Every structure is written in structure tokens, then in C-alpha cells.
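A short worksheet on the structure shown next.
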Amino acid sequence: MEFYNKKVTETVKKDIREFLKQFDIRVTFCKRGWSCADGKNSKVRILFFKDRTVKGVWSDVFHELMHVICYRTEKYKNYHHGIFVRGKYSSKKTGKYIRKMGIRAEIYVDKKAQELMKIYFPDIPYITSYRTKEDRDWYRKWVERSYPLK
Ligand SMILES: [Zn+2]
């Protein structure tokens, strides 16, 4: 079996931590929920449990890394600087913005993440996010829950 199709082990955590150091990013791991990025504080959280594959976890790492890079380079600035800062915008304004731009920003991030992973790890297939209807439905539900319009 290809190494990237194997389930993760504790060593993978160390590799990820080392890898992200060069970008000045700290990482924590969680067993449930989902991976996410905090660009402002240069932190990412990666979903990590024993049934996840190496390629799945590394794809998450690059996706979240790209969110931090977008924060720093001000790509989709309102998305990266605005939506996760509670109270900065009225929730209604944020809610409207994220409904309009959220998926576009996520797909941009995911494509760039895929390109970047190909440079560092050409042998590991990237697992895409937000490209299927299922993924987009998940996102829409998350938005409706997190940013209700009333
Ligand atoms: Zn994302």
C-alpha cells in the first residue's frame, strides 16, 4: 500500500509540526469537529484521529496553511480578516457577505493549496474540499448556523 493511503500515526504530527514551522505557524490537533485556520495568530487546527489517512490529513494541512497565507497576503481580505472576527461587522452584514463570497474564497484557497502541495509533496494526492455538492451543502449549513440573517 502506498504510504499516503495508510492511516496516520503519531509521527505524522511531528512531521506536520516541523513542516509548518518554516511558515511560522503553530499547530494543534483535534479529534472531532473540523480543521481550521487562525490567520491573525498564525495558528492552525488539524482534525486528527486514527482512521484518517496520511493524504487526507496533509491535504487539510495545506488547505489551512493556504488560509493563513491568504490572511497575510490579503487575498479575499474581507473573508480572511472579517468573518472570524466576532463583533467587527454586524452579523447581518457578515452573513450577507459570506453567503455571496464564502464558497468562492474557499474554492480559491483549495485550488491554491492543491498547487502548493504538489510542489512540496508531488507524490501525495491532494484531497479536494468544496468541489462537490455535498461539501458545498455542508458549508451552506455551517453558514446558516453560524451567521443567521435574523
Ligand atoms: Zn477553508
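Since every read-out is calculated from the coordinates, none of them should be taken as a lab result. Fair warning: this is a prediction, and the values are worked out from it, not measured in the lab. Virtual Cβ from ideal backbone geometry, glycine too; neighbours counted across all protein chains shown.
Name every residue in region 128-149 that is farther than 21 Å from residue 39 by Cα and either within 13 Å of the ligand (Cβ to nearest atom) or in contact with a strand residue (DSSP E or B) (Cβ under 6 Å, 6 or more places away or on another chain) (or both), in order of residue number. Show your work before the answer.
Initially, region 128-149 is screened for residues farther than 21 Å from residue 39 by Cα, giving 131-138, 140-141, 144-145, 148-149.
The answer is 131, 135, 136, 138.
Take the conditions (1) in contact with a strand residue (DSSP E or B) (Cβ under 8 Å, 6 or more places away or on another chain); (2) of a type in the set (Phe, Trp, Tyr); (3) away from the ligand (no atom under 15 Å from the Cβ); residue 49 misses just one of them, which is (1). Checking each residue in region 52-76 for being among the polar types (S, T, N, Q) and either over 20 Å from residue 2 (Cβ atoms) or away from the ligand (no atom under 12 Å from the Cβ) (or both) picks out 53, 73. Residues in region 21-40 that are within 16 Å of the ligand (Cβ to nearest atom) and either more than 22 Å from residue 139 (Cβ to Cβ) or of a type in the set (Lys, Arg) (or both): 3 in all. Only a single criterion out of (1) away from the ligand (no atom under 13 Å from the Cβ); (2) touching a helix residue (DSSP H, G or I) at 6+ places or on another chain (Cβ under 9 Å) is not satisfied by residue 104, namely (1).
For region 133-147, the criterion of being over 29 Å from residue 55 (Cα atoms) and buried (at least 16 other Cβ atoms within 10 Å of the Cβ) is met by at least one residue.
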